[in-house]
Amino acid sequence: MKKSLLCLVLTENTLERNIELIQHYQNYIDIVELRADFLTDREMQYIKRFPALVDMPVILTLRRQADGGKFQGSEAERRNLLKKSIVKAFSYLDLESDFRDTEFEADVKRLGIRIIRSFHDFNGVPGNITKRIKDMAREQGVLPKAAVMPKSSKDLFRLLRCFKKLTHIEKIIVGMGEYGLPTRILSNYLGSFLSYCSKNKNLAAPGNKNPEEMVKLYGFHKIDSTTKIYGIIGNPIMHSFSPLIHNKGFKALEYNGVYIPFLVDKVKQFFKTAKLLNIRGLSVTIPHKQAVIRFLSTQHTHISKIKACNTIIRKADGYYGENTDVYGFLKPLKNYFGDPLKQNIKATVIGAGGAARAVVYGLREHNAHVLILNRTLKKARQLAQAFNCEWGGLDKDGIKRIRNYSDLIVQTTSVGMEPHVEKNPIASYRFKGHEIVYDLIYNPPLTKILEKALNNGCKVINGEEMLLAQAGAQFQLFTGSNYFFPQSSMYDILHSG
Ligand code: NAP
């Protein structure tokens with residue numbers, strides 16, 4: 001089968017601006033779709049001139065509002081405009097599955113233009129999608145297309161199964177939105193004739209990525225049926241830096257892998273997808289770190305103590321679970337407390353959520369004396385009892401007790417994270433200057449608590465080092481390589497080419 005093409009959807013309102021867009025992205029794309037419904041009325045008069053001005057194949061589309069387009073005229077007006085605009089220089093014409101004009105379509109075919117017969121569903125993945133594509137494919141020379149909106153992990157699985165059932169048919173299948181993103185990145189792996197991308201994220205179709213991201217970050221054109229698939233599951237997930245880290249690592253090693261964000265609502269459903277795509281490894285983030293455990297066949301011994309798994313590897317006998325947060329958390333501490341950490345550190349852990357469990361486990365493994373302070377007392381108590389620690393509330397009395405556990409203060413709550421950067425969960429605490437203050441948050445790099453600690457002479461560590469260290473350990477589990485950007489800061493990883 002032919003390699004999947006990357007199609008830039010042109011949504012500017014003039015032909016000239018669309019040409020500028022093509023020039024800007026020409027190194028990444030193979031084909032463009034002129035969404036003529038985005039043009040001004042005046043520009044619509046000149047549609048037929050467009051393909052001759054462009055050095056790549058052009059799809060002409062004049063989408064009506066019912067199918068997510070912007071064309072406001074009547075159906076007769078739309079038909080007339082299409083008839084007036086179609087010229088030989090167009091390569092494809094996208095017509096909706098209910099559009100029928102035998103004479104016009106015969107003329108289009110005579111011009112050597114291929115018709116894409118499409119249907120759209122913004123409400124989910126229709127139950128009869130496979131049959132509808134098969135029916136459309138029966139029409140001689142037509143390229144069938146379905147653009148649908150998976151709204152859950154179950155929908156994504158159903159859509160992927162549809163791909164599998166239609167491997168022998170040339171077709172375009174696009175999963176829109178965040179749940180659908182994997183289908184757009186894996187277009188070649190799954191066997192879609194093309195995949196779409198656009199400059200503006202949600203203008204052309206919800207969730208579209210821009211061409212640079214598709215090619216440079218995800219290696220769109222390099223993905224084929226032998227590519228090993230990895231990813232991160234969470235909800236929400238699109239903010240994650242992990243695709244940047246792992247895909248850069250794959251690229252540097254010339255490893256034939258791709259790492260994709262999967263929005264997941266139901267872990268059980270997602271594991272069906274993991275099997276279908278033969279996913280080799282996964283990072284797991286909020287809120288699924290606990291829920292994945294029951295789907296593991298084997299696991300590192302610390303998983304049952306931490307009760308959280310952030311890394312999954314596919315092995316011959318099923319899925320193996322690890323928690324690299326512990327390693328990631330401890331790594332930067334070794335610069336301050338030695339390796340192994342010196343005994344009898346007195347530490348305060350702010351928070352008692354998933355990340356705190358890995359932190360407390362790591363500290364207790366090194367015999368640190370730990371005080372846990374949390375907004376919800378019950379959770380502080382439960383975590384403290386599991387690891388034999390002191391506990392208290394995140395209130396005046398609790399904060400007063402920090403001075404007895406102040407070699408190290410670890411902030412593990414989400415307080416102070418973007419966009420609430422003014423917040424400090426222990427605002428009343430007075431730093432003495434000897435404390436090492438470690439905030440797991442990496443965005444912003446300097447949280448209020450770290451800023452205050454720094455101003456009082458303390459040493460500070462932010463979440464960036466932990467993020468990279470835990471990702472580096474994952475990368476090693478995924479690929480066997482210890483390549484891990486040892487000298488890089490997050491900035492370099494995010495911004496180097
Ligand atoms: P989680 O399981 O949802 O736990 C959240 C914690 O924050 C709980 O202790 C919660 O207290 C507390 N909290 C939330 N809102 C609060 C508020 N307004 N006031 C006081 N406490 C509040 O989340 P998690 O997985 O532990 O993650 C927590 C943070 O760690 C996030 O910012 C995450 O990005 C960061 N993290 C960083 C890394 C890294 O590599 N750097 C790794 C993992 C996590 P209650 O129990 O009272 O709700």
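The values are calculated or read from the model by the stated rules, or taken from the named source; none is laboratory data. Values in this document were obtained by computation on a predicted structure and should not be read as measured data. Neighbour counts are summed over all protein chains in view; Cβ atoms, including those assigned to glycine, are modelled from backbone coordinates with ideal geometry.
Which one of the conditions (1) surrounded by 19 or more Cβ atoms within 10 Å (Cβ to Cβ); (2) among the small types (Gly, Ala, Ser); (3) over 14 Å from Leu371 (Cβ atoms) does Ser406 fail to meet, given that it meets all the rest?
It fails just one condition, (3).
Looking only at the range 280-307, how many residues end up being on the phi < 0 side of the Ramachandran plot and part of a loop (DSSP other than H, G, I, E, B)?
Of the residues in the range 280-307, 10 are on the phi < 0 side of the Ramachandran plot and part of a loop (DSSP other than H, G, I, E, B).
From the set of residues in the range 243-278 that are of a type in the set (Val, Ile, Thr) and within 15 Å of the chain's Cα centre (by Cα), which is farthest from the ligand (Cβ to nearest atom)?
Val258
Given Asn455, Asn443, Asn482, which one is closer than 19 Å to Gly416 by Cα, surrounded by fewer than 18 Cβ atoms within 10 Å (Cβ to Cβ) and either more than 12 Å from the ligand (Cβ to nearest atom) or not assigned by TED's automatic domain parsing to the domain that holds Val349 (or both)?
Going through Asn455, Asn443, Asn482 in turn, just one is closer than 19 Å to Gly416 by Cα, surrounded by fewer than 18 Cβ atoms within 10 Å (Cβ to Cβ) and either more than 12 Å from the ligand (Cβ to nearest atom) or not assigned by TED's automatic domain parsing to the domain that holds Val349 (or both): Asn455.
If we scan the range 87-103, do we find a residue that is among the β-branched types (Val, Ile, Thr), in contact with a helix residue (DSSP H, G or I) (Cβ under 6 Å, 6 or more places away or on another chain) and buried (at least 18 other Cβ atoms within 10 Å of the Cβ)?
no
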